[in-house]
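First up is the structure itself, then whatever we jot down about it.
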Amino acid sequence: MSAKPKVAFFEFTSCEGCQLTVVDSLQDHPELLDAVEIVQFREAISEKGEDYAIAFIEGSCSRPSDEPKLQAIRQQAAIVVALGACAHLGGINAIRNRMPLQEVREYVYGDRAEWFETYEPRPIKDVIKVDAVIPGCPIDRREFIKAVTHLLQGRMPFIPDQPLCMECKLKENICVYTRGKVCLGPITLAGCDAICPTYGDGCEGCRGLIANPNIEAMRQVMHEHGLTDEAIDAKLSMFLTNQIMALEEAG
Amino acid sequence: MSFKIMPKAALPDWVTWLKNRYRVVGPTARQGQYVFAEIASPDELVLDYPTSVLPPKKYLLPQRETLFTFDAQSMQMKANIEWEPTVILGVHTCDMHAIRLLDKVHATGYTDQHYQAHRQHTTLVSIECLSPCMEHSFCKSMGTLTVPEDYDLHLTDLGDSYGVDVGSEKGEALLQGFTAIWDPTSEDYQRINKVMAEKWPRFSYRLNFDVTELPDLLALSNNSSLWNELGDICLGCGQCTKVCPTCYCFDVRDEVDLSLTKGERTRTWDSCQIDRFATVAGGHNFRSTRALRNRHRFMRKGKYHLEAYGLIGCVGCGRCAAACLVHITPVDTFNELYRRHKKGELLEEAKQA
């Protein structure tokens, strides 16, 4: 193989938990450092190399001033990967997209609302071309390693489009619905090894929707399990606000 | 081959005795339901379990399996054919029928060596079902309430003892040298006859027609609007196929390590109910709607398998119905098709198409 590809990490509106997961993944896979050269990674190193070929971007774009920064990264990087739910979907930052923006700003910043620029948080693909996505809140460390491996092979990271129920049942978990909880597994992209249902909680949808999800049926199931319309809306807005709004818009 | 009696009190000793010779798996309790798992201690075994989340097929066709490993530098590959001498205890008769079908599928055309290796080293100890295991099962309608001939040992609960039918040499080997079994007395024979006679009325026929009519009924239903109705409510989550004892579709992937030198090809259970399943090169999806995918599943279970392998693809275990969050069930689906057929609707829809 030729020289190690140079890799950089960036963050926009996020908690940087996905980048911490990257650091964490080095515990299991220290050989990652033999495979790539990290030139910029605020969570782990002080250096700031600008000659990267692969950019991993965490965080949503939530301000107009984020856009030129994203565009600059796009210009430099041959491959841009959205890292985690915020970059992929807009993340929990997008919950506010169903609320009047001015009210939200005033609620957060009070009488200084005008001091801070902000707009509807959006996935970075709405601003720049994104080549691949590693979903999740946070990302799954095994999936990250797999994605890097795919990139090193010269192919795009591939995540099978299938609902979480598929993985959950492979593990023979007892369905959380039968344990009296509500779960978005039937409409959520798998790949996390069904970590939340495995430990007894319903899926919150952090990895985004599968292709052609049956939202109406999902609402009906949650309704049958005791959730009010309001509670169902809340459930579907934790991570999925932007995706559900887009589906509504498409009719 | 022969018929023996084993007192229930001897069961723990027998399980321990087996454990010294085989991997022993059987139904165990998990959070209010039951799963087949390795029996660490005989008291974990629950032979009078209702049903299991996944069928015991997972020991013959594991959820994930490495097919071969490869080394990109030496350009070598190595088949990974794994097996472990295994005894599966407490297999219900519906699951026995399912294994019979899986055996046939995996021995037809290119035989599946991975399946064969597991199967050849697996000994099946089935158990007679004496009352319905749950509301969704419909084994009596599907003709799976009696054990097919492929059992190695078959147990029948006689109260304080088990009747043990020996069906094969493999089964006989599980008893060889174990002394706490005896030949049946005339009372034992009377008892088993009574148990078998009494069990039958406890089960009801749940299909409103004879199962032999099912393939023709499905043939007529190709253009039924019922499929669209199911497609409207189906979540496409794939749970029905994951829990099905006769589903065997899998997806194959290659993964390499970070050094890009060593890798493996694995297969994982797949599902015809998920959106991308029938997507082919070029992006075309030839079963692009949930309606088409539902139709495919029921056709496969009630018609296609019979045509291809001579055995019906649904064994009436009811697991898919129990798992379905939107209450799509084979019994309701087949009965609804039959009702529409009786009203002449299926024929009408077939003509219109």
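For region A:214-251, the set of residues classified as under 14 Å from A:I95 (Cα atoms) and either among the β-branched types (V, I, T) or buried (at least 16 other Cβ atoms within 10 Å of the Cβ) (or both) consists of A:I232, A:K235, A:L236, A:S237, A:M238, A:F239, A:L240, A:T241, A:N242, A:Q243, A:I244, A:M245, listed by residue number. Each residue in region A:207-247 was checked for being closer than 21 Å to B:C324 by Cα and among the hydrophobic types (A, V, I, L, M, F, W, C), and 11 pass.
Working only within region A:74-91, note down all residues that are surrounded by 21 or more Cβ atoms within 10 Å (Cβ to Cβ) and at pLDDT 95 or above. Passing the criteria: A:A77, A:V80, A:V81, A:A82, A:L83, A:G84, A:A85, A:C86, A:A87, A:H88, A:L89, A:G90.
Scanning region A:195-213 for residues that are surrounded by fewer than 17 Cβ atoms within 10 Å (Cβ to Cβ), away from every other protein chain (no Cβ under 11 Å) and not β-branched (V, I, T) yields a total of 2. Does B:A79 satisfy the condition of being in contact (Cβ under 8 Å) with a residue 24 or more places away in the chain, within 11 Å of chain A (Cβ to nearest Cβ) and surrounded by fewer than 16 Cβ atoms within 10 Å (Cβ to Cβ)? For B:A79, the condition - in contact (Cβ under 8 Å) with a residue 24 or more places away in the chain, within 11 Å of chain A (Cβ to nearest Cβ) and surrounded by fewer than 16 Cβ atoms within 10 Å (Cβ to Cβ) - is not met.
So B:Q73 ticks every box in (1) farther than 27 Å from A:Y177 by Cα; (2) surrounded by 14 or more Cβ atoms within 10 Å (Cβ to Cβ); (3) out of contact with any His (no Cβ under 7 Å at 6 or more places or on another chain) but one. Which box is left unticked? Unmet condition: (2).
Listed by position, the helices (runs of 4 or more DSSP H) inside region B:176-248 whose residues that are within 21 Å of the chain's Cα centre (by Cα) and not basic (K, R) number at least 2 are B:214-220, B:239-242.
Restricting attention to region A:171-187, the residues being touching a residue at least 24 places away in the same chain (Cβ under 8 Å), closer than 28 Å to A:A87 by Cα and at the interface with another protein chain (Cβ under 10 Å from one of its Cβ atoms) number 2. Criterion applied to A:R96, A:R63 was being surrounded by 20 or more Cβ atoms within 10 Å (Cβ to Cβ), out of contact with any Cys (no Cβ under 7 Å at 6 or more places or on another chain) and under 20 Å from A:N242 (Cβ atoms), and the one residue passing it is A:R96. If you go through region A:152-170 one residue at a time, how many are at pLDDT 95 or above and more than 7 Å from chain B (Cβ to nearest Cβ)? Matching residues across region A:152-170 total 3. The single condition among (1) within 14 Å of chain A (Cβ to nearest Cβ); (2) crowded, with 17+ Cβ neighbours inside 10 Å that B:L124 does not meet is (1). Checked against (1) within 12 Å of chain A (Cβ to nearest Cβ); (2) more than 30 Å from B:Q352 (Cα to Cα); (3) of a type outside the set (D, E, K, R), B:T246 meets all criteria but (1). Contact annotation: residue pairs with Cβ atoms under 6 Å, 6 or more positions apart or on different chains, pairing a residue in region B:341-353 that is assigned to a helix (DSSP H, G or I) with a partner that is of a type in the set (G, A, S), are B:L346/B:S221; B:L346/B:S224; B:E349/B:S224.
The values are calculated or read from the model by the stated rules, or taken from the named source; none is laboratory data. Just so it is clear, the structure is predicted and the values come from calculations on it, not from any experiment. Don't worry about glycine lacking a Cβ; one is built from the backbone with ideal geometry, like all the others, and counts go over all protein chains shown.
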